[in-house]
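Engineer: Let me begin by handing over the structure; questions about it come next.
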Amino acid sequence: MVQDFFREAAAVAGSEMRKLRRDPTELLSRAVQPVLWLAVFGQVFGRVRGIPTGDLRYLDYMAPGILAQSILFSAIFYGIAIIWERDLGIIHKLLVTPAHRSALVFGKAVAAGLRGLVQGVVVYVVALLLHVHILWKPIPILVVVAAVFTGACLFSTFSLLIACIVKTRERFMGIGQVLTMPLFFASNAIYPLALMPGWLKAIAAFNPLTYLVDVLRGAMISGGSSVVAPGASFAVMLGVFALLLLLASRLYPGLAR
């Protein structure tokens, strides 16, 4: 049964990746945002001395946060593709197959995780061009890969869950836009948690993006460090992903109605 689950998920992920190969313009358009944040925002705020980043340059401090932001912003709108599939009748065809609903959702999450890795390559290239002090060691790079993949799976499943609830493109776009910026700014992506007021720090503690950024900052940047142990951060992200996967699997059939 486990073997069938992963085979079904792999089939769904493979289908999603074939669509991406045929039309890679989405990834190219998503690459513009991290370029602007690093090349413009990072360069300007790098001159501001009021943000305590320790021994790190602000651009170095910011780079992992922009990678996490890139993953969040691309994955959070992943659910709109599910609504398109429903309108085209693809969801109905999937639901009549013997594939388990959780395998369908997990397969789409895996596809989003692979897309997130492509986003990570883009951010790494931009960071190198801007002379960000990247840590080039095998284990830290593997940690970054694992964190990017897990984060993309988590937020894409959250997006799919929203799509299953709202069921229309217009509502989904509105809710997606409402959620992305609070998630981003209520995290440690562009400033330390120590700068936050108490109420915002409490919200950040429940924000999965905070743990993604923390892992990336410790593994990606030379001289960077994690506030939370990487194992604990991965445990939080995987736990949230498992919960979202369970909820989305239960609601996914309802999308076809």
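Engineer: Within segment 91-99, is even one residue touching a helix residue (DSSP H, G or I) at 6+ places or on another chain (Cβ under 6 Å) and either of a type in the set (Asp, Glu) or modelled with pLDDT of 85 or more (or both)?
Structural biologist: no
Engineer: So which residues in segment 18-38 are at pLDDT 75 or above and loosely packed, with under 14 Cβ neighbours inside 10 Å, if there are any at all?
Structural biologist: Arg18, Leu36
Engineer: Take the conditions of a type in the set (A, V, I, L, M), at pLDDT 85 or above, surrounded by 15 or more Cβ atoms within 10 Å (Cβ to Cβ) and not in a helix (DSSP H, G or I) and apply them to Val143. Does it pass? Working first, answer last.
Structural biologist: Working: of a type in the set (A, V, I, L, M): yes; at pLDDT 85 or above: yes; surrounded by 15 or more Cβ atoms within 10 Å (Cβ to Cβ): yes; not in a helix (DSSP H, G or I): no.
No: the conditions fail for Val143.
Engineer: Out of (1) modelled with pLDDT of 90 or more; (2) not in a loop (DSSP other than H, G, I, E, B), what's the single condition that is false for Pro182?
Structural biologist: For Pro182, the failing item is (1).
Engineer: Continuing with the same structure: With (1) at pLDDT 95 or above; (2) farther than 27 Å from Pro52 by Cα as the list, and Pro138 as the residue in question, which single condition is left unmet?
Structural biologist: If we test Pro138 against (1) at pLDDT 95 or above; (2) farther than 27 Å from Pro52 by Cα, just (1) comes out false.
The values are calculated or read from the model by the stated rules, or taken from the named source; none is laboratory data. Source: prediction; values computed, not measured. For neighbour counting, all protein chains shown are included, and Cβ atoms are generated from backbone atoms with ideal geometry for every residue, glycine included.
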